[in-house]
Amino acid sequence: MTRAASVQASSSSSAVPVIPARKPSWLKVKAPGGANYVRLKGMMRELGLHTVCEEARCPNVGECWEHEAATFMILGDVCTRNCTYCAVSHGTPKAFDPLEPTRLAEAVYRMRLQHVVITSVDRDDLPNGGAEAFAGCITEIRRRLPETSVEVLIPDFKGSEPALNIVMDARPDILNHNLETAERLYRMARPGGRYDRALRLLSTARRMVPGGLTKSGVILGMGEEWDEVLVCMRDLRRSDVNILTLGQYLRPSGNHMPVARYYTPEEFAELREIGLSMGFSHVESSPLTRSSYHAWEQARSARPERSEGSTPNGGGHPEPFAATQGRLREGPLKSTAEHR
């Protein structure tokens, strides 16, 4: 089906959604279970850590873990919000564990990773939404492995600028917050979030550290129109986002919102070209793309202009990428997300 025909089909079914009968062939992946998968799973349990690969039922978990790649999820495995597309459990989380950053840094050290991706559940029950935990993880990793770059995929902290500043002051190499979907679908898909708040967070992060990298992602197939995808992309560029990820929504269970349609690999390729023409430094766009997909390559490819010595509070610490710029131009390195 051509993109035009696909868009027409999507538009004509917007009033009465037609749920696709089965996943197309390009979304079929091998079930996990290799030696590295088993070893990494054991290490995560030993250290009391969680990964978004497991909690969000990522389709790439088998491939990633076989390559010793994983995205760490901090602040527990229970989210205070209930997004209708997300597989992560929601409810009342356990108390904040101040030793989690140390255990996470130990895992990074054991794996000798050179690029780390850290995300979390939403913790609206905590004063700063868990911002201190992100900062603690960055600090502990840098203490053990100062040459390792750190990417954080953060919640919106209910729009709290002081909370965002706590994270940015710890100097993540990449600040990621996903827009997720079109503004029209927020009330249904992401009731705890706000479209404009997500954009404001990203633009504020760029203002706090002008030379840093920002990143965001959109999930396709939840009922948005093609033109709405383009609006999301344009809004992210207006917020000065460097890196964009686009991937297919996969329904975690019958209790989650249905898939409205499956985008073809050709459509994802077209969106990648459109994104690059809009000015994104890097666009990762494919049916199986997730936020951390090829994360190291994204960082190396983006290479933003970096200013020396700027900090959120005007201090004298150098930009993290000023120190890592040379590394970003080297060959492939082991990463927590190089195959996601």
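Taking Leu113, is it free of Cβ contacts under 8 Å to residues at least 60 places away in the same chain and of a type in the set (A, V, I, L, M, F, W, C)?
On the way: free of Cβ contacts under 8 Å to residues at least 60 places away in the same chain: no; of a type in the set (A, V, I, L, M, F, W, C): yes.
Judged against the criteria, Leu113 is not a match.
Taking the conditions (1) outside any loop (DSSP other than H, G, I, E, B); (2) under 19 Å from Asp169 (Cβ atoms) in turn, Leu126 satisfies each one other than (1). Contact map, region 207-224: residues that are at positive phi paired with residues that are acidic (Asp, Glu) and surrounded by fewer than 24 Cβ atoms within 10 Å (Cβ to Cβ), Cβ distance under 7 Å, separation 6+ or inter-chain. No pairs are found. Could you tell me whether region 248-255 includes any residue that is crowded, with 20+ Cβ neighbours inside 10 Å, over 17 Å from the mean Cα position of the chain (by Cα), part of a loop (DSSP other than H, G, I, E, B) and at negative phi? Scanning region 248-255 turns up no residue that is crowded, with 20+ Cβ neighbours inside 10 Å, over 17 Å from the mean Cα position of the chain (by Cα), part of a loop (DSSP other than H, G, I, E, B) and at negative phi.
Could you list, in sequence order, the residues of region 154-211 that are in a loop (DSSP other than H, G, I, E, B) and more than 23 Å from Tyr85 (Cα to Cα)? Full working, then the answer.
As a first pass, look at region 154-211 and keep what is in a loop (DSSP other than H, G, I, E, B): 154-156, 160, 170-173, 177-179, 181-182, 190-194, 209-211.
Of everything in region 154-211, those that are in a loop (DSSP other than H, G, I, E, B) and more than 23 Å from Tyr85 (Cα to Cα) turn out to be Ser160, Ala170, Arg171, Pro172, Asp173, Val209, Pro210, Gly211.
Against the condition surrounded by 16 or more Cβ atoms within 10 Å (Cβ to Cβ) and of a type in the set (A, V, I, L, M), how does Ala170 come out, does it pass? In short, yes.
Please identify the pairs in which a residue from region 72-87 that is at pLDDT below 85 has its Cβ atom under 7 Å from the Cβ atom of a residue that is of a type outside the set (S, T, N, Q) and assigned to a strand (DSSP E or B), counting only partners at least 6 apart or on another chain. Matching pairs, first to second residue: Tyr85/Ile219.
Here Glu63 fulfils each of the conditions (1) at pLDDT 75 or above; (2) touching a Lys or Arg at 6+ places or on another chain (Cβ under 8 Å); (3) within 15 Å of Ala295 (Cβ to Cβ); (4) not aliphatic (A, V, I, L, M) apart from (1).
Scanning region 86-96 for any residue that is touching a strand residue (DSSP E or B) at 6+ places or on another chain (Cβ under 8 Å), under 24 Å from Leu199 (Cβ atoms) and part of a loop (DSSP other than H, G, I, E, B) turns up at least one such residue.
Can you tell me how many residues in region 262-285 are under 26 Å from Pro191 (Cα atoms) and surrounded by fewer than 22 Cβ atoms within 10 Å (Cβ to Cβ)? Working first, answer last.
So in region 262-285, the residues under 26 Å from Pro191 (Cα atoms) come out as 262-263, 285.
Among the residues that remain, those that are also surrounded by fewer than 22 Cβ atoms within 10 Å (Cβ to Cβ) are: 262.
Residues meeting the conditions: 1.
The values are calculated or read from the model by the stated rules, or taken from the named source; none is laboratory data. A quick note: this is a predicted structure, and the numbers were derived from the prediction, not measured. Here Cβ is always computed from backbone atoms with ideal geometry, including for glycine, and neighbour counts include all displayed protein chains.
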